[in-house]
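All remarks here apply to the structure that follows.
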Amino acid sequence: MANDATPLEGAPLIKPSSTDHPLYESIIEAVRSVYDPEIPVNIYDLGLVYTIDISDEADVNVSMTLTAPGCPVAGEMPGWVADAVEPLPGVKHVNVELVWEPPWGMDMMSDEAKLELGFM
């Protein structure tokens, strides 16, 4: 049997977030304080944050993307997210990973972001 990198059929493209963790809502609020400098909407409502995974030990792993791989702040934005989340009470450690799959699309924006940018 060939070993290929094809995801399991029916497996989600984006890993689910730890929405039931007590720190989840405060982490969302912290992430909403980070803005793409070229777009006047926070990165959470833009749909750039794919997964917020919080371990039982309060280690936070964030998977995020950018609107485009050539984004001028590509090297800086993960640090901005970590800097926003790490000071929260109860958070032990933050790791932010940039991912490119699935590619970001405007359909990932919240209704608030679409309204703010005039797409609704």
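Quick check on my filter: what residues within the stretch 53-72 are out of contact with any Leu (no Cβ under 6 Å at 6 or more places or on another chain) and in a strand (DSSP E or B)? Can you show your working first?
Restricting attention to the stretch 53-72, the residues satisfying the condition of being out of contact with any Leu (no Cβ under 6 Å at 6 or more places or on another chain) are 53, 55-63, 66-72.
Listed by number, the residues that qualify are ASP53, ASP59, VAL60, ASN61, VAL62, SER63.
Sort out which residues of the stretch 73-96 are modelled with pLDDT of 90 or more and either part of a helix (DSSP H, G or I) or under 16 Å from PRO37 (Cβ atoms) (or both), and write them in order of number. First the steps, then the outcome.
Residues of the stretch 73-96 modelled with pLDDT of 90 or more: 76-96.
Hits for the stretch 73-96 are GLU76, MET77, PRO78, GLY79, TRP80, VAL81, ALA82, ASP83, ALA84, VAL85.
Every residue in the stretch 27-41 that is surrounded by 15 or more Cβ atoms within 10 Å (Cβ to Cβ) and within 23 Å of GLY90 (Cα to Cα), please. Lay out the reasoning, then the answer.
Quick first cut of the stretch 27-41, residues surrounded by 15 or more Cβ atoms within 10 Å (Cβ to Cβ) only: 27-28, 30-32, 34-36, 39, 41.
Within the stretch 27-41, ILE27, ILE28, ALA30, VAL31, ARG32, VAL34 qualify.
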Task: Tally, over the stretch 59-95, of residues that are surrounded by 15 or more Cβ atoms within 10 Å (Cβ to Cβ) and under 13 Å from the mean Cα position of the chain (by Cα) - done: 16
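Would it be correct to say that VAL99 is modelled with pLDDT of 95 or more, under 20 Å from SER18 (Cβ atoms) and surrounded by 14 or more Cβ atoms within 10 Å (Cβ to Cβ)?
Considered against the rule, which asks whether it is modelled with pLDDT of 95 or more, under 20 Å from SER18 (Cβ atoms) and surrounded by 14 or more Cβ atoms within 10 Å (Cβ to Cβ), VAL99 comes out as no.
Starting from residues that are acidic (Asp, Glu) and without any contact (Cβ under 8 Å) to a residue 12 or more places away in the chain, keep the ones in the stretch 47-84 and report whichever is nearest to MET109 (Cα to Cα). Talk me through it step by step, then tell me what you get.
Going residue by residue through the stretch 47-84, those that are acidic (Asp, Glu) are 53, 56-57, 59, 76, 83.
Remaining after also requiring without any contact (Cβ under 8 Å) to a residue 12 or more places away in the chain: 56, 76, 83.
On the way: ASP56: 29, GLU76: 21, ASP83: 23 Å.
Only one residue fits best here, namely GLU76.
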Task: Given (1) of a type in the set (S, T, N, Q); (2) surrounded by 12 or more Cβ atoms within 10 Å (Cβ to Cβ); (3) touching a strand residue (DSSP E or B) at 6+ places or on another chain (Cβ under 9 Å), number of the condition THR19 does not satisfy - done: (2)
- [ ] Answer with yes or no whether MET120 is surrounded by fewer than 16 Cβ atoms within 10 Å (Cβ to Cβ) and closer than 17 Å to LEU13 by Cα.
- [x] no
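The values are calculated or read from the model by the stated rules, or taken from the named source; none is laboratory data. A quick note: this is a predicted structure, and the numbers were derived from the prediction, not measured. For neighbour counting, all protein chains shown are included, and Cβ atoms are generated from backbone atoms with ideal geometry for every residue, glycine included.
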